[in-house]
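Scroll down for the structure; my scribbles are underneath it.
Since every read-out is calculated from the coordinates, none of them should be taken as a lab result. Note that the coordinates shown come from a computational prediction; the quantities given were computed from them, not determined experimentally. Ideal geometry is used to build each Cβ from the backbone, glycine not excepted, and the neighbour counts take in all protein chains shown.
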Amino acid sequence: MKPVTKITQSEQALRAYCEKTDFSGWDPWDALGSPLFRIFPFSTRYPRWTGNHLIKISPLNVRRMMGIRRDCFAKGLALFISGYVLRNKRKPDPKFNETISLLKKRLFDKIIPGYAGPCWGTNLPYQTRAFYVPAQTPSLVHTAFAVEAILDLNEMEPSPELIETVQGACQFALNDLTIREFHGGLCFSYTPNDLSRVINVTALAARMLARVGRKVNDESLLEKARGAAAYVISTQEEDGSWPYGEDPVHNWIDNYHTGFVLESLEDYYRYSDDPVVIPAIEKGLQYYRNQLFEQDGAPKFSPGSLYPIDGHCLAQGILTFSHLHDRTSDGLEFAQKIAHWGIENFQDRSGYYYFQKRRYWLNKIPHIRWVQAWMFLGLNRLLNHLEDK
């Protein structure tokens, strides 16, 4: 079987699975949706974190017995929209338009009211290492991916309503989040309720503001995007890596957040024509390739550890090396290698991709947002680049 044919068949099987589930499922961070976590002693930080972690890593799916329902998630909907737009570009089909319309309606139904502009967050509460996020709290991350999806939709079928929505989302970022100056740049908080300095969050802000600013010819948005990009490149380490964040509790490096930063800076450059980020992209991409992937395409979770091998890291590798393929001599080839490794090792016969492989067990739970949506977007991006090659 030809390599591209294998990837095409994988995308078809995954798409069929996601459509069959109506784009709903479980999530690694959905444990706090259980009624059991709303009672003592799970009402404080460490019990919440520990309880969620134990459920997350367990290969046994105990969610039904804990009263956790399958759901669709705003970020997942956004990723599926972007994936279907790519799929429709490759081979237009009226049924894809119908699916995109359904996903669009669901995404817009999940707009959280009460802020300076349209914004999105999670359906359920979750506990990070640093802070607690109540249900229906908007975040820059969710909003940035929603904006990407809406702008992708607008490219397919231009609409003033869509442009108005993304302009409003930028106002959420600029007015409801905490923006502070560090290292000569602008750092955006994760949510309106925290003061975290998470680097990929600000990278996503740079991309979002630059893309919208370029689309509507708004120099003020581009200026804020430049400030965000300046902060991100100022936090890069000498070896090309980025920690998750600058606060001590966030001092680690992982695969998929590094991919977020690289993609975001690349898009920032494409929308802003600001060459200041190019050295950081090239240095970071070399680190990403050499330290966060095995030679056979297997994604490492962190520089010092292969395990857990995570489906999200798998998808992000495909996305990043496809999107930045012009910056390496074999970017598309390596993206294909990652995809083939994933198909052989992580795709179930029913079409979905597994969550994690740990040293001694395989977690096959089909998380819809964390893995399926990302893989769907990644495979379609890769296939489109291969078709254009």
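A few notes on this one:
- Length gained when the stretch N123-S24 is fully extended (0.36 nm per residue, less Cα-Cα span): 34.4 nm
- Placing pseudo-labels 7 Å out from each Cα toward the beta carbon at N384 and N251 gives an inter-label distance of 4.0 nm.
- 20 Å cut-off, amide nitrogen to a point 7 angstrom out along R214 Cα→Cβ, residues in the stretch 265-298: 265-285
- Shape class for the stretch 31-70: oblate, because the ratio a/c of the largest to smallest gyration tensor axis (alpha-carbon atoms, square roots of eigenvalues) is 1.5 or more and b/c is at least a/b.
- Taking every DSSP bridge with both residues inside the chain, close to 100 percent are antiparallel.
- Ellipticity at 222 nm from helices only: DSSP H runs of n ≥ 4 in the chain, each -39500 (n - 2.57), divided by the residue count, give -17500 deg cm²/dmol.
- When Cα Rg over 2.2 N^0.38 Å is calculated for this entry, the matching label among (1) 0.92; (2) 1.08; (3) 1.30 is (1).
- Applying 1/(1 + (r/R0)^6) with r as the Cβ-Cβ distance of V62 and E333 and R0 = 25 angstrom yields a FRET efficiency of 0.05.
- The stretch 205-236 versus the stretch 71-108: alpha-carbon centroid distance in Å: 26 Å
- Multiplying the residue separation of E294 and K91 by 0.36 nm and removing their Cα-Cα distance gives an extension gain of 69.8 nm.
- Put a dot 7 Å past the Cα of T178, heading toward its Cβ, do the same for S234, and the two dots end up 1.7 nm apart.
- Cβ-derived FRET efficiency at R0 35 Å, R349 paired with I39, nearest 0.05: 0.35
- For E181, net neighbour charge (Lys/Arg +1, Asp/Glu -1) across residues whose Cβ lies under 14 Å away: +2
- Ordering of 27-34, 152-159, 132-139 by packing [mean C-beta count within 10 Å, highest first]: 27-34, 132-139, 152-159
- Remark: the I163-L54 segment gains 35.0 nm on full extension, using 0.36 nm per residue and subtracting the alpha carbon distance.
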